[in-house]
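First comes the structure, then the notes that go with it.
The values are calculated or read from the model by the stated rules, or taken from the named source; none is laboratory data. From a predicted model like this one, the values you see are computed outputs, not experimental measurements. A quick note on method: Cβ atoms are made from the backbone with ideal geometry, for glycine too, and the neighbour counts reach across all protein chains shown.
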Amino acid sequence: MTDVPARLPARSGEWIDRDRVVEFRFEGQVYRGYAGDTVTSALVAAGRRTLGRSFKYHRQRGVLSLANHDVNVMVDDGQRTNLRADVLPISAGLELQAVNTKGGLTGDRHRHINRMAKLLPVGFYYKTFHRPRRLFPFWERRIRALAGLGTIKRDAPRVETPKRYDFCDVLVIGAGPTGLSAALAAANNGAQVVIADENARAGGSLTHQWAGDAEAVEIRERLLSAVDAHENIDLRTGTTAAGYYADNWVALVDDIRLSKMRAGQVIVASGCFEQPAVFHGNDLPGVMLGSGAQRLLHRYAVRPFQRAVILAANSDAYRLALDLVAAGIEVATIADLRTEGETGPLAERVTAEGVVVRRGCGVYEAHADKNGELSGVVVAPVTAEGEFDLGRQESISCDGLLMSVGWTPAANLLYQAGTKMDYADAVQQFVPAELPDNVHAAGRVNGVHDLRQQLADGERAGLAASLALGLYSGEVPEQPRHEGGSPNHPYPIFDHPKGKNFVDFDEDLQLKDLLNACQEGFDNIELMKRYSTVGMGPSQGKHSNMNAVRILARHRGQSIMATGTTTARPYFHPVPLKLLAGRSFNPERRTSLHEWHRAADARFVHVGDWLRPEVYGAADTNRPLNELVLKEVTAVRRAVGLIDVGTLGKLDIRGPDAAEFLERIYTGRFSNVKHGRMTLALRCDESGVVTDDGIAARFAGDHFYVTASTTRSGAVLQDMQHWLMRWGLDATVVNATGHFAAMNLAGPYSRHVLAELTSADISDDSLPFGGVATATVAGVPARLMRVGFVGELGFEIHVPAQFGPAVWERVMAAGKQFDICPFGVEAQRILRLEKGIPIVGQDSDGLTNPFEMDMGWALAMSKPFFIGQRSLQILQRRGAERVLAGFSLPRDGNAAQVRESHLVIRDGEIVGRVTSVAYSPTLDRIIGLAYVAPAQNLPESTVKIRADGGVLRSATVERLPFYDPDDLAQAGVASLQEVS
Amino acid sequence: MTDPMRTSPLSQQLEGQAARLAVVQEMNTVVEARNEAESSAALTLCDASALPRFGICGPRAARWLTDQAVALPRAVLGTQALPPDGLCLRTGEAEFIVEDGPEGSAASDLARALGCGLDGVYPVLRQDAQILLRGEQACDVLAQVCAVNFRAPGERLVFTRLAGVSCAVLPPASQPWFRIWIDATHAVYLWQTLLQIVRELDGGVSGLASFFPRCSHRSKSPAHTKEQTK
C-alpha cells in the first residue's frame, strides 16, 4: 500500500471528496485516492512521477498539462484503451496498465530504443527498409508491432451509444470566466443557452489560476451561482465541443454520446492551451506546464514536488510562484526569459516571498536522477540572439520545473467555422480577425488575457449574440484591448548539442527533426507536418503546432503570419469510434406480404434495402436450396406460381400532359398507347446509357401507371419530379410504391386461378397479352396487367397494400387445386433467363446502351425529344462494340464452373463478360447471357469463357429466347399439362 | 366468402402485446396493450395504421373538397380537425389527405365520391402506416432519430426523416401526441427503432383506445376470440 505523502490539507474549491476513499490498481500496484481524483492526481499524490512511456523512444514521461492532453500518460483498463489518465476519474476496482510498454512501465523492454535515437531520425522509415524489397515484409511486421499506442480489445462488448440532435439559441463553448459571463449576458436577454465545457466542473481558469486573488474566487462563486440559478442556462460539464460544421452545427461529445447541437449563435470562449518551452530534457518526469501544477494544487490538493524552478516569460509565472509558495513548495528561482522581467505589484509580492528572480535567463538543460526523473536544472543567461551564455551557467537542484512561457488559442473550432485569423504582435498569438456570421469569440482565444477584461469580453459576446437573435436592441460594447506585456514568448525554443529538446511529446519529435525536415525541402507548414508528423499525434498539436510554426518561420526568415498554420479539421480532439458510430440505422423495407413469406419459411435476400423471398421452404435442411429453386421453376412452367413483386417502383402519372411527360422521360412512344394497354418504359440517361426499365400502363387518357425496377424506383421518382418542374408540364407524379401490394400470378393455370376470384372478363379477347384493366379481385379493387416477364401466361395483380395479405391468401387458396406454388426471386431469375429477358443492372452496367442489349426496337428515334436521344443517335451511327448474347454450356464433363462476371476471351483479349448464368431445369442445360463481340453473336458458334481456376471453357452461342421462341406460353395458347 | 380485412404492417410487431383486440375500420387492431401505462405523461408508442386515409391531388382538388363540405387548412403543411377525431392535412399546394378517426367514414365517402378521378382532381391511394408517440420524453425519442427541433412550438406538418426514412410528423397541437405517418414498407423498421429507444427510456406500447377512447367499445376480433379460447 502506497502512502499519500503529497496530499495537501483540505482547501477551498478542491474537486475531491475526502470522505470517500477509492482504491484502484495501476501496473499491478494498489493505490488509494479520493473520489473526484483523476488517475494522474491520485498517482502523483501517492508519490509517483513517472506515469507513462513516450511513443517512439519509450522515454519516461509524467504530468504535462493535466488538461486532457497528456498523451504520454494513457492507460488501458482491460476493455478500453488509450484512456487519458490526466482526466480519467478513479473508481473502485479499476485495473490499469500504461499503454505502449513491453513488460510494464518500469521494466519496459523497449526503453532501449531511446539509446538508438540517433539512428532513428524523423522519416527514417521512409528511406530505409524498402531495399531489398524481399525484406520489406519482415521490417513492416516489426515496425507495425512497435508502432501505435494501446491495443484494440476485440472481445470488448458492444455498447450502443445513441447520438442525439440538440438545439439552443446560444451555444457557449467554455465555462471559464469568459464563457460564464457570455452565457449570463445572453440568458438575461431571454436566450436559451447551453454551455459546454470538457472539464468535470465549470469555472475554467478560475478553478486553478487565482494565485491568492480573493476577488477571483468571489467572481467564480458569483458566476457559478448565477449560472446555476438561471433557468435559461443548461451547463454541460464533461462535454467537449469537438467539431464545427456548417450553419452552427457543433458536435458535443460526452462520456456516453455525441450530440449534434444546432445553435443559433455560437460563442467560442475556449481559452488557450499553455505551451511548453523547448530545451534539453524538457520531457523528464517532473517538468510540467505551470497550469498543470496549478491544477494539481487547487483541484486535487496535490503537491507534486518539494523544490521548484520556474521558467518564465509572462505574468502567469509569477502568479504560479505565489501558488507554489502558498502550498509550501520552495521556489528555488524564477528564470525569466524576458530581459526586463516582471514589474509591478505581482513581482513585488513574489520578491517579498523571498523568491529569487533571474531576469534574462533560461533553462539550458534539465537533469535526471538515477530513476530517470528530474533532479536539477542548469540555468544561464540568454542573449538577444537566443543563445545561452554558458560561462555564467548555474546548476540548481529541484524536483519540479514549471514552464510558464506562453499560450496558444484553442481556436480550432473558429478555424473550422471559417474564421480569418491574424497574428497579433501585442500578444504574440493568433486572434480572430474576421468571424463568420453568428459566431463570436471572447476571452483568451480572442487575445484577452486579463480576468476583468475576460468578463467584459464575455458579456460583449453575449450581448452581440442576443442582438443577432433579435433579443437585444441596445449597444454592444467594444472589445477590450490587451494591456501590458505579451503573455507569450515569441521563441521559447533552444537548441542543445545533445538534442532531446522535444517539440512534440506525442511523436517524440525534437528540434533537430523539424530543422532536418526544413533542410530536406519540407519547408511549408503542411509539408513539414506530413513529413515529420508534428501535430499528428493524439493531442493533435495542441502543444506542438505553435512551436513548429515558430521554428519554421525562423528557419525561413519570415513572419508567423506568412508561415501560417495547418488546417484544423473536425474532430480536433479524439472521439471514441463508438460515439461516432452511435446507434445503427439500417433502413429496411418489407412488403405487406412479408409475414406470409416468413410463415412459409422463406429465405430472404436483400435487394437494395428491400427484403425479398429468395426461395421458400428453406428450413427443410434435407433439400438443397437449388432443388427448392428448381421445384419453383418447374411449378411455374407446368402449373402456376405466385411471386411478390410489391418491391417494384410504382408511379401514378396523371394530368393532361402525362403522355407528353412520358414521351420525354422514356425512349418509347406513349401518346399512341391505347387505354387498357401497356408498353415497355425504357429509360436512358443523357449519355444514352440504360438506367431503368419497367412498364407503363394506360388506364385513362390522363392516367399512366408506371413501374420501375426495385432498386431504382427512388432515383426514377426523384428524376421525374425534377424534370416535371423543369418542363412545367401539367401533370403530377405520385409515388405509389408502398401503397400497392403487387403479385405476379404466372403459369399455364394462372387464368384459371384468377377467374376464381374475379368476375371481370380476363379472357384473351378482353385482356390480351399487354392489356391492363381495373377489376375486383377477392373483393378488393385491383389493377390487372397481362405480363410475361417469366415467359408464361401471367397476371400482375396490384391491390391496396393493406389488403395485400388477404388477397394473396385467397389467391393461394384458389390456386391450391392447381398445385400453386409461391416462388422467390431466384426462381424468377431463372425463368426470365430462359426467356432471354435481360435485367437492367444485372445484364447491363454503367456504360451499356440499348443497342448493346438488342433493345433498339424500344427507341422511338423519330420523336422530337427524349432524354438521351442525341447520344443514342451518335451511338446508332457508330454501331455497337459489344452485344448481349445467349449461350449454353455443352455437357463436356468440364468441372470448371462459369459464373457471373467471368470474362469472354477472344484471341487472348477480353471482349465481354458473363452477366447471368444458371442451370435451366426446363431446358436441362446451363444457359446464360454474356457480352460478346458483335461478330461472335452467331448462333451455333463458339465463344471462350475464362471459368473457375482460369480454365477456358467453350460455350455455344444461342438464339434468344432459349424458351418458347414463338411466345405461345405467355400468350396462353400452349397446351396445359395435368396437375396432381 | 367473408369480406377481406385490412392488415396493419405492424400487426406482427404487436403480436403478444395485446390485452384487447378489436376491429377498427376493417382492421384488427390492438386497442389495449398489456402493461399499458395509465398516465398520459408516460412514454408510449401506438400503432394507428387502422385510421383510414383518403388522398387527393390536382389543380382542382381544393375546390372539389370544398364542394364536398370538407374544411381545408389554408396553409401548406397546415391541418384542420374534422370532428370527432378526423383530420385534414394539406401536404402541398394542391395535395390533401383526409384521415378518419376510429369511427369516421369521411375517407371512404370521399373515395367513393371521386371514383377514379375527374378533370384536375385525382385520387391518391394512401396506405401509410401511422405511429403515435406520446409522453413527456417524446421529444427525447425524436431527438435521437431526427434533426428537426420538435421542442420548438409548431403545429404544422413536418416532412423529415426519422432514423433515415422519410416521414411526415405532426407535432402535438389539438391532440397531445406526435402523429408519424410513414410508408408502410418502412413501418416495421421504424417501429422497431423507435420502440428500442422508447424502452431504453422506460416507455412501452399502448393500444389505440388509449389515444382514441371511442374505439374502446368495438367488438373483439376473431383473432382475439381465438386467443381467448386457447
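Side notes on the structure shown:
A quick yes/no check of all residues on (1) under 26 Å from A:Phe494 (Cα atoms); (2) of a type in the set (S, T, N, Q):
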site: A:Glu365; (1), (2): yes, no
site: A:Val379; (1), (2): yes, no
site: A:Asp389; (1), (2): yes, no
site: A:Met421; (1), (2): no, no
site: A:Gln428; (1), (2): yes, yes
site: A:Asn438; (1), (2): no, yes
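- Residue check for A:Arg726: touching an Asp or Glu at 6+ places or on another chain (Cβ under 7 Å) and either surrounded by fewer than 24 Cβ atoms within 10 Å (Cβ to Cβ) or modelled with pLDDT under 95 (or both): no
- Restricting region A:531-582 to residues that are outside any helix (DSSP H, G or I) and more than 26 Å from the chain's Cα centre (by Cα), the residue that is surrounded by the fewest Cβ atoms within 10 Å (Cβ to Cβ): A:Gly557
- Residue that is part of a loop (DSSP other than H, G, I, E, B) and either in the same structural domain as A:Met288 (by TED's automatic domain parsing) or over 51 Å from the mean Cα position of the chain (by Cα) (or both), where the choices are A:Val363, A:Val378, A:Val355: A:Val355
- Region A:381-403: number of residues that are small (Gly, Ala, Ser) and either assigned to a loop (DSSP other than H, G, I, E, B) or within 44 Å of the chain's Cα centre (by Cα) (or both): 3
- Identity of the residue in region B:191-214, out of contact with any helix residue (DSSP H, G or I) (no Cβ under 8 Å at 6 or more places or on another chain) and without any contact (Cβ under 8 Å) to a residue 60 or more places away in the chain, that ends up surrounded by the most Cβ atoms within 10 Å (Cβ to Cβ): B:Thr193
- Any hit, region B:93-108, residues being assigned to a helix (DSSP H, G or I) and over 30 Å from B:Leu195 (Cα atoms): yes
- Those strands (runs of 3 or more DSSP E) of region B:1-48 in which 1 or more residues are within 12 Å of chain A (Cβ to nearest Cβ) and either small (Gly, Ala, Ser) or in contact with a Phe, Trp or Tyr (Cβ under 6 Å, 6 or more places away or on another chain) (or both) are absent.
Residues are listed down the side, and each one gets a yes or a no for (1) under 21 Å from A:Leu960 (Cβ atoms); (2) out of contact with any Lys or Arg (no Cβ under 8 Å at 6 or more places or on another chain):
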site: A:Ala778; (1), (2): no, no
site: A:Phe795; (1), (2): no, no
site: A:Val807; (1), (2): no, yes
site: A:Gly824; (1), (2): no, no
site: A:Gly836; (1), (2): yes, yes
site: A:Gly846; (1), (2): no, yes
site: A:Glu852; (1), (2): yes, no
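- Residues being out of contact with any Gly (no Cβ under 8 Å at 6 or more places or on another chain), farther than 23 Å from A:Glu792 by Cβ and crowded, with 19+ Cβ neighbours inside 10 Å - total across region A:842-868: 5
- Only one of the numbered conditions (1) crowded, with 18+ Cβ neighbours inside 10 Å; (2) within 14 Å of chain B (Cβ to nearest Cβ); (3) under 37 Å from the mean Cα position of the chain (by Cα); (4) in a strand (DSSP E or B) is violated by A:Ser592, and that is (4).
- Selection count where residues are β-branched (Val, Ile, Thr) and not in a strand (DSSP E or B), scope region A:650-700: 4
- The selection criterion, being on the phi > 0 side of the Ramachandran plot and either surrounded by fewer than 22 Cβ atoms within 10 Å (Cβ to Cβ) or in a loop (DSSP other than H, G, I, E, B) (or both), holds for A:Leu66.
- Among (1) touching a Leu at 6+ places or on another chain (Cβ under 6 Å); (2) closer than 21 Å to B:Ala75 by Cβ; (3) within 14 Å of chain A (Cβ to nearest Cβ); (4) part of a strand (DSSP E or B) - the single one B:Pro123 does not satisfy: (2)
- Every condition in (1) at the interface with another protein chain (Cβ under 10 Å from one of its Cβ atoms); (2) in a helix (DSSP H, G or I); (3) without any contact (Cβ under 8 Å) to a residue 60 or more places away in the chain is met by B:Arg112 except one, and the failing one is (1).
- Qualifying residue in region A:870-880 (condition: over 30 Å from B:Ala50 (Cα atoms) and assigned to a loop (DSSP other than H, G, I, E, B)): yes
- Scanning region A:595-623 for residues that are in contact with a Leu (Cβ under 7 Å, 6 or more places away or on another chain) and within 14 Å of another protein chain (Cβ to nearest Cβ) yields a single hit, A:Phe604.
- Screening A:Pro587 on (1) of a type outside the set (S, T, N, Q); (2) more than 14 Å from chain B (Cβ to nearest Cβ); (3) in a loop (DSSP other than H, G, I, E, B); (4) surrounded by fewer than 21 Cβ atoms within 10 Å (Cβ to Cβ) shows it passes everything except condition (2).
- Of all residues in region A:201-239 being modelled with pLDDT under 95 and touching a Phe, Trp or Tyr at 6+ places or on another chain (Cβ under 7 Å), the one that is surrounded by the most Cβ atoms within 10 Å (Cβ to Cβ): A:Ala216
- Elements of type strands (runs of 3 or more DSSP E) in region A:427-517, at least 2 residues being more than 30 Å from A:Ile113 (Cβ to Cβ) and not hydroxyl-bearing (Ser, Thr, Tyr): A:429-434, A:439-441
- Every condition in (1) over 26 Å from A:Leu767 (Cα atoms); (2) small (Gly, Ala, Ser); (3) within 14 Å of another protein chain (Cβ to nearest Cβ) is met by A:Gly646 except one, and the failing one is (1).
- With a requirement of 2 or more residues that are within 30 Å of A:Ser920 (Cβ to Cβ) and either out of contact with any Leu (no Cβ under 9 Å at 6 or more places or on another chain) or in contact (Cβ under 8 Å) with a residue 40 or more places away in the chain (or both), the strands (runs of 3 or more DSSP E) lying completely within region A:736-834 that satisfy it span A:740-746, A:780-787, A:794-800.
- Tally, over region A:784-804, of residues that are facing chain B (nearest Cβ under 10 Å) and at pLDDT below 95: 0
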